[in-house]
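The values are calculated or read from the model by the stated rules, or taken from the named source; none is laboratory data. Quantities reported herein were computed from a predicted structural model and do not represent experimental measurements. Reconstructed Cβ throughout: ideal geometry from the backbone, glycine too, with neighbour counts over all protein chains shown.
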Amino acid sequence: MKPQKIFILGTSGSGKTTLAKQISEKRNIPHYNLDNFFWYKKFSKKRSPKKRDLMVLEVLKKRKWIAEGVYGFWTEQFIKKSDLVIWLDYPFHTLSWRNIIRFISQKEKKPNEDLKNLLRIIKYIKKYRKGTHEGSYKSHKTLIDKYKVNLIIIKNKKQFKEFIGMLR
């Protein structure tokens, strides 16, 4: 049986949204970006914790979904309910480069974005790998081990393309 509840993990610039959209399109499963649950107005105005949690619970009740994001406080709920977890685990230099390219390409759309924000994201990526905080690489590994989920780890562009090819 094909997985109906898929959770995609990875830090900023790993391709979570890109992958979720492709799986959603090919498998006809609704896609939920957890950024849209956390933020009322993307990256400027947050939703209330109560509203965010209600939105998450609504998705978790559904028969099929693809969720993606790295909000530590929701990760366990999604991992626990998933048929499949896909972990986009690219090296630091790849993630940094992708975020630099994203910053440059979106500069016109987001004129208020500044270099400080880019540096904050790159610092977060480094902290993700080395940290032990909720939402860190280590905490995600612990949750995956705890729930013994079906897991696919994608570590490079070649594996990403191979995975997409298998969806056909």
Right, K16: out of contact with any Gly (no Cβ under 7 Å at 6 or more places or on another chain) and either basic (K, R) or buried (at least 20 other Cβ atoms within 10 Å of the Cβ) (or both) or not? no
Can you name every residue in the stretch 50-86 that is buried (at least 20 other Cβ atoms within 10 Å of the Cβ) and not in a helix (DSSP H, G or I)? W65, I66, A67, E68, G69, V70, S82, V85, I86
Go over the candidates Y71, Y32 one by one and state the one that is touching a residue at least 24 places away in the same chain (Cβ under 8 Å), under 23 Å from M166 (Cα atoms) and hydroxyl-bearing (S, T, Y). Y32
Within the stretch 35-68, count every residue that is without any contact (Cβ under 8 Å) to a residue 60 or more places away in the chain and either closer than 22 Å to K2 by Cβ or of a type in the set (S, T, Y) (or both). 8
Scan the stretch 145-161 and give yes if some residue there is part of a helix (DSSP H, G or I), of a type in the set (A, V, I, L, M) and either under 22 Å from K5 (Cα atoms) or modelled with pLDDT under 95 (or both), otherwise no. no
Out of the residues in the stretch 1-49 that are modelled with pLDDT under 90 and assigned to a helix (DSSP H, G or I), state the one that is farthest from Y124 (Cα to Cα). P49
Between a first residue in the stretch 1-26 that is more than 15 Å from W97 (Cβ to Cβ) and touching a residue at least 40 places away in the same chain (Cβ under 8 Å) and a second residue that is of a type in the set (D, E) and buried (at least 23 other Cβ atoms within 10 Å of the Cβ), which pairs have beta carbons less than 6 Å apart while being 6 or more apart in sequence or on different chains? I8/E68; K16/E68; A20/E68
